Amino acid sequence: MMNLDGITLGCLRDELQGAVGGTVRQVYQPERGLLTIHLWKGEELTLLISPSEGRVQLTTQRFLNPAQPSAFVMLLRKHLKGGTVAKVEQPGLERILKFSIPRGDAEYELICELFGRGNAILVQDGEILGGLRQGGGKRPVLPHHEYHPPPSQGKLGPFSLSESEFQGLFQGGEGEIWQVLLRNIDGIGPRLARELPLRAGLEPTAVSLREGELERLWREFEGLFSQVAEGRFAPIIYYDGARPLDVVPFPLKIYEGMRGKRRASLSQALDEYFGLQRGGVGFAAEQARLSKTVRLALKRLARAREHVRADLAEAQGYERYRHLGDLVLANLDRLARGQREVELADPGSGQAAKVALDPKLAPAENAQAFYRRYKKLKRGAEKLGAREVELAEEVEYLKGLELSLEQAEGIEDLRELAAELEAGGYIKKEEKQRSSAPVGPREFLIDGYKILVGRSGRQNDSLVRGAKGEDLWLHARGMPGAHVVIKTGGKPGQVPEGVLERAARLAAYYSRGRGSAKVLVIFTRVKYLRRPKGAKPGLVLVRREEGTLLVPPEVEEE
């Protein structure tokens, strides 16, 4: 589990200043150990508190809330609804956040303890009203007890630490460099304790420092905490392959070589991280449910295609019945009612052919029966052929949806895909729907050019409809994948080759070929695309390819 140290929490504290002035509208507990507080500040803000995960943040995730609120939620609603967030504080660099929420003449504090098992405690004038987790012990969290903050660990404050005090920490032979930093300095967690030596060109596990090395370590320490003091944060989420690895307030050397994505805020990065790790609420379960729906639909389509192909093979023999009708008409003078089988010479080949007749019908009536069978099978073959094309298109569409589900990056992606499956009649509309703002396409800015990448079939359709004719469209050839659009400003010929290639790499990455060394990507202007009438979302016909690129699947930093 990711660990948010005091410095990272300080970044979140700064972001949470955006909640100051917000009025508490409602409180929910979507799942055990997780609270959401809905605020109004000219717009709705959602404060997410998850003490067991060590995080408090603003979130854009939406949750399915239980019909019956917990006792603690009822307590929070009773005292906080209608109150206004006045302050968000962090004592030093401790893993504690305090929300001051006055309501009327009463002053309340919601104290979020983000260490150990974590807790959220409602306090009024120093007295505990209730807690998310209640119990006795050395620091009892029980109603009518006095709130006591956790005992000090005796660590040194990094902002007031002098160089001589810092150097003195390493003169007693207390252990490895990173352990000394972790044990003695407030706000530093295990990852930053290892990060600082690496920045100074040292091994974190070294137990002694040579001349000049301690000075380098001090300079890195001083520079890092100057950056923190000035609030110069640049949140980033790191990935180990497709798996989210960590969220940090600024780039770290310990993750050098890992794929990193810059995000506008730490809260946004945390939404993404937890959306992929555990999918907000039920990500894995929802992904599995929707994927199973698509797999079952593909199996049904496979069976339907087998039946259609069998019927089509029979129906495509319709010419034989016209030929039999012609034979009977050419030999009417040799035939009589009551015959069951006759052998007639084929005028074309001169060979004899056995013809089965209905003895109840006159010869001419048998000929007409053969012609009727011919016409019926011909019409059937045409319908079955169209049905075969229709089924093939649906299979292609569902394979694209299957890929989108595999590559979903958060619960919002799944909701978008669930809505598409619902619109297509593959799943029934649920009575309880999680409210959610529509998720937009993935957006990338490459050398000044906006690149849009669809997340679903409906979004692929929307991208093409909203694009100008001179915008460029890219797609992995011959496999399911996202539509990629380069906004050219009406000048497709001026798009640099490097931009086109990097957009092609995105098309390859968001395709079935993601695991391949290289993928062939086609590109053309949007005006050369056509969406067939009645086609499934995201299916287009390319009237004219303008080029191809063979590229490795790679994703840009959004």
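Some observations on this one:
- Residues whose amide H comes within less than 5 Å of that of residue 209, counting only those at least five positions distant or on another chain, are absent (H built at 1.01 Å from N in the peptide plane).
- Computed about its Cα centre, the charge dipole of region 6-131 is approximately 340 debye, with only Lys, Arg, Asp and Glu carrying charge at their Cβ.
- Added length on full extension, which subtracts the Cα-Cα distance from 0.36 nm per residue, residue 240 to residue 554: 111.6 nm
- Over 19 Å between alpha carbons, listed pairs 468/527; 299/533; 399/536; 383/533; 98/138: 299/533; 98/138
- Gain on full stretching of the segment that runs from residue 32 to residue 52 - 0.36 nm per residue minus C-alpha separation: 6.2 nm
- (i) 17, 36, 27, 11, 7, 3, 0; (ii) 19, 47, 28, 5, 0; (iii) 21, 56, 23, 1, with the label sought being that of the calculated P(r) over Cα pairs in 20 Å bins from 0, in percent: (i)
- Placing unit charges on the Cβ atoms of the charged side chains and taking the dipole of region 289-403 about its Cα centre, the candidate lying farthest along the positive direction among 380, 307, 339 is 307.
- Listed residue (18, 426, 179) projecting farthest to the positive dipole end of the chain, Cβ model: 426
- Cα centroid separation - region 149-199 against region 77-116, whole Å: 29 Å
- Helix axis angle, 6-15 relative to the chain longest principal axis, alpha carbon, degrees: 70 degrees
- Near residue 455, the amide H atoms lying under 5 Å from its own belong to 442, 460; only residues 5 or more places off or on other chains count, and H is placed 1.01 Å from N.
- Packing-based exposure ordering (other Cβ within 10 Å, fewest first) of 148, 323: 148, 323
- Once the Kirkwood radius over Cα pairs is known for region 157-232, the Stokes-Einstein relation at 10 °C and 1.306 mPa s delivers a diffusion coefficient of 129 µm²/s.
- About the centre of its Cα atoms, region 289-403 shows a dipole size close to 600 debye [charges on the beta carbon of Lys, Arg (+1) and Asp, Glu (-1) only; nearest 20 debye].
- Of the residues 193, 50, 157, the one whose Cα sits farthest toward the positive end of the charge dipole of the chain, with +1 on the Cβ of Lys and Arg and -1 on the Cβ of Asp and Glu, is 50.
- With Cα atoms, 0 to 90° folded angle of helix 411-423 axis to the chain main axis: 20 degrees
- Cα pair distances exceeding 21 angstrom across region 172-278, given as percent: 41 percent
- Cβ crowding within 10 Å, taken as a proxy for footprinting-reagent exposure, orders 383, 299 from fewest neighbours to most as 299, 383.
- Between the beta carbons of residue 115 and residue 465, assuming R0 = 51 Å, the FRET efficiency works out to 0.50 to the nearest 0.05.
- Between residue 399 and residue 43, the distance separating the two model label sites (each 7 Å from Cα on the Cα→Cβ line) works out to 4.1 nm.
- Here the dipole of the chain is about 3000 debye; that uses its Cα centre as origin and unit charges on the Cβ of Lys and Arg (positive) and Asp and Glu (negative).
- Cubic angstrom per residue, convex hull over Cα atoms of region 6-131: 103 Å³
- Computed from label points 7 Å out along Cα-Cβ, the spacing between residue 323 and residue 340 is 2.5 nm.
- Nearest-ten-degree value, helix 71-80 long axis tilted from longest Cα axis of the chain: 70 degrees
- Based on DSSP H segments of at least four residues, each scored -39500 (n - 2.57), the chain has a per-residue ellipticity at 222 nm of -11500 deg cm²/dmol.
- In this structure, residue 375 and residue 487 have a Cβ-Cβ separation that, at R0 = 41 Å, corresponds to a calculated FRET efficiency of about 0.15.
Any read-out appearing in this document is the output of simple, stated calculations on the displayed coordinates, not a laboratory observation. None of these values were measured; they are calculated from a predicted model. Positions of Cβ are generated from backbone atoms using ideal geometry, with glycine treated the same way; all protein chains shown enter the neighbour counts.
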